[in-house]
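Below: the structure, in structure tokens.
The values are calculated or read from the model by the stated rules, or taken from the named source; none is laboratory data. Computed from a predicted model, the values in this text were never measured in an experiment. We place every Cβ from the backbone using ideal geometry, glycine too, and count neighbours over all the protein chains shown.
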Amino acid sequence: MAFPNVSDILATTIESRTKKIADNVTSNNALLMRMSQRGKIKTFSGGHKIYQELSFAENGNAGWYSGYDLLPVAASDVISAAEYTIKQCAAPVVISGLEQLQNAGKEQMIDLMEARLGVAESTMSNIVNEGIYSDGTANGGKEIDGLEAAIPLANTSGTYGGINRATWTFWRNQIQDAANTNTIQADMNTLWAACVRGSDRPDLIMMDNTTWLAYMASLQALQRFTSPEVGNLGFPSIKFMDADVVLDGGIGGDAPTGVGFFLNCDYLHYRPHAQRNMRPLSPNRRYATNQDAEVQILAWAGNLTTSGAQFLGRLDVNA
């Protein structure tokens, strides 16, 4: 006899794992992990768009004065917001009527749920990680507006976050198109300098295999410094200046070929919806109308946003 409350087991199991799944997705990606450390993972609760506040100009009233000089107090419009579409993804967890019969008893059903949820968890993690690098156009524009959208090679055209790069120069990321892998040290130096403003500078550099191998080959043994902060959490890294350089290549790496992203994580934000951050769509039973099956859907909604595109850089290496 099948356990009578199989739907309750499914619902409660997936509900109890939602925070763990969300945390695992974050810790499985070096960029999301760094944003978590910087407090740049912030949920939103509603609205038609995700709005990311940004400062696009200086206060025109500021300046030197002496004694009784009149101080300007004109209105100074220096704060605006980029707007991002809410993107969604889901992983349905399905249990057929036959599987319910075959997994009689609470323990067997929990084992089955753990296995199914483990697959859903890893699948969602892979989807989000892939989306972190996307340009937001895949799957009919339903994918995350990732680094390819925030830090494109063509940085003087196109609209990102509702702001036209052709019009607003502050919204253009830095680029360095390298001629070949032999010049990678000089090209990285040039790009680094372009991304720095005072204490604002890149703190994380994500590379694919091609770029990583070129950088490694350019180093002498005594120049290879590891970062315990990142390495101890599962991401072996070396340093460039004081930024962690992380390989996101190898098996299943999602970084685009021949690209290194110079990231200042103070200006990147992971914005999941508070009610859709790896949460079940509904705790109620969902039945297929023409099948003997029950479904729970693990869902995510949100986007990757930017508040300072000019502090982000892209190194393209032509091997």
Legend entry - Failed item, numbered, when residue 134 is tested on (1) over 30 Å from residue 46 (Cβ atoms); (2) crowded, with 20+ Cβ neighbours inside 10 Å; (3) among the small types (Gly, Ala, Ser); (4) modelled with pLDDT of 90 or more: (1)
Legend entry - Output for the stretch 74-96, where each listed residue is modelled with pLDDT of 85 or more and out of contact with any helix residue (DSSP H, G or I) (no Cβ under 7 Å at 6 or more places or on another chain): 82, 83, 84, 85, 86, 87, 88, 90
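To keep it simple, each residue is scored yes or no on (1) modelled with pLDDT of 90 or more; (2) among the hydrophobic types (A, V, I, L, M, F, W, C); (3) assigned to a strand (DSSP E or B).
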{"residue": "233", "(1), (2), (3)": "no, yes, no"}
{"residue": "260", "(1), (2), (3)": "yes, no, yes"}
{"residue": "285", "(1), (2), (3)": "no, no, no"}
{"residue": "298", "(1), (2), (3)": "no, yes, yes"}
{"residue": "316", "(1), (2), (3)": "yes, no, yes"}
Legend entry - Of the criteria (1) at pLDDT 90 or above; (2) in contact with a Phe, Trp or Tyr (Cβ under 9 Å, 6 or more places away or on another chain), which one residue 200 fails: (1)
Legend entry - Filter result for residue 211 (at pLDDT 80 or above, buried (at least 19 other Cβ atoms within 10 Å of the Cβ) and of a type in the set (Ser, Thr, Tyr)): yes
Legend entry - Failed criterion for residue 166 (all others in (1) outside any strand (DSSP E or B); (2) under 24 Å from residue 54 (Cα atoms); (3) in contact (Cβ under 8 Å) with a residue 12 or more places away in the chain hold): (3)
Legend entry - Within the stretch 1-51, considering residues that are farther than 23 Å from residue 122 by Cβ and among the basic types (Lys, Arg), the one modelled with the lowest pLDDT: 38
Inset, instruction - Would you check if residue 154 is out of contact with any helix residue (DSSP H, G or I) (no Cβ under 7 Å at 6 or more places or on another chain), among the small types (Gly, Ala, Ser) and either in a helix (DSSP H, G or I) or modelled with pLDDT of 90 or more (or both)? - result: yes
Inset, instruction - Could you list, in sequence order, all residues of the stretch 286-310 that are under 17 Å from residue 204 (Cβ atoms), of a type outside the set (A, V, I, L, M) and crowded, with 24+ Cβ neighbours inside 10 Å? - result: 305, 306
Legend entry - Failed item, numbered, when residue 161 is tested on (1) under 20 Å from residue 259 (Cα atoms); (2) in contact (Cβ under 8 Å) with a residue 12 or more places away in the chain: (1)
